[in-house]
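Asks: Okay, handing you the structure first.
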Amino acid sequence: MKLSRHGKGTLSASVENITPFGIWILVGNEEYFLSYKDFPMFLNKPIKRILNVEMLHHNHLYWPEIDVDLELDSIKNPQKYPLIAV
């Protein structure tokens, strides 16, 4: 039995930049901006905790140290998700 290489066909996520206005994340080959206005749960959090992001599924991001779960659709279309937990 031949196993495929680890990570082949899976997306990865990383925080690329943190600004005074929000954070930039890279998911696969797509870059997204999460403004603090739309995603206040990241405001005033330690950088180390924001940088620790995991891709749980093909469309689900998780920040374990600040207990934040986001689906990619909520990042792409924040107006469709008006309830914000902080």
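Asks: Can you classify the stretch 40-79 as rounded, prolate or oblate using the Cα gyration tensor, where a ≥ b ≥ c are the square roots of its eigenvalues, rounded means a/c under 1.5, and otherwise it's prolate if a/b beats b/c and oblate if not? Could you put the intermediate results ahead of the total?
Replies: On the way: a/c = 2.73, a/b = 1.34, b/c = 2.03.
The shape class here is oblate.
Asks: Can you give the extra length, in nm with one decimal, that the chain gains between ASN44 and GLU31 once fully stretched, where that is 0.36 nm per residue apart less the Cα-Cα distance?
Replies: Going from the current span to full extension adds 2.5 nm.
Asks: Report the net charge of residues surrounding LEU26, where surrounding means a beta-carbon distance below 15 angstrom and charges are Lys +1, Arg +1, Asp -1, Glu -1. Each step should come with its number before you reach the end.
Replies: Values: positive: LYS76; negative: GLU16, GLU30, GLU31, GLU54.
With Lys, Arg at +1 and Asp, Glu at -1, the neighbours total -3.
Asks: On to the next question. Under a Cβ-Cβ cut-off of 15 Å, what is the net charge of the residues other than ASN52 that fall near it, where Lys and Arg count +1 and Asp and Glu count -1?
Replies: Charge balance near ASN52 sits at -2.
Every number in this text was worked out from the coordinates using simple rules, so none of it is lab data. All values reported here derive from a predicted model rather than from experimental measurement. Backbone-built Cβ (ideal geometry, glycine too); neighbour counts: all protein chains shown.
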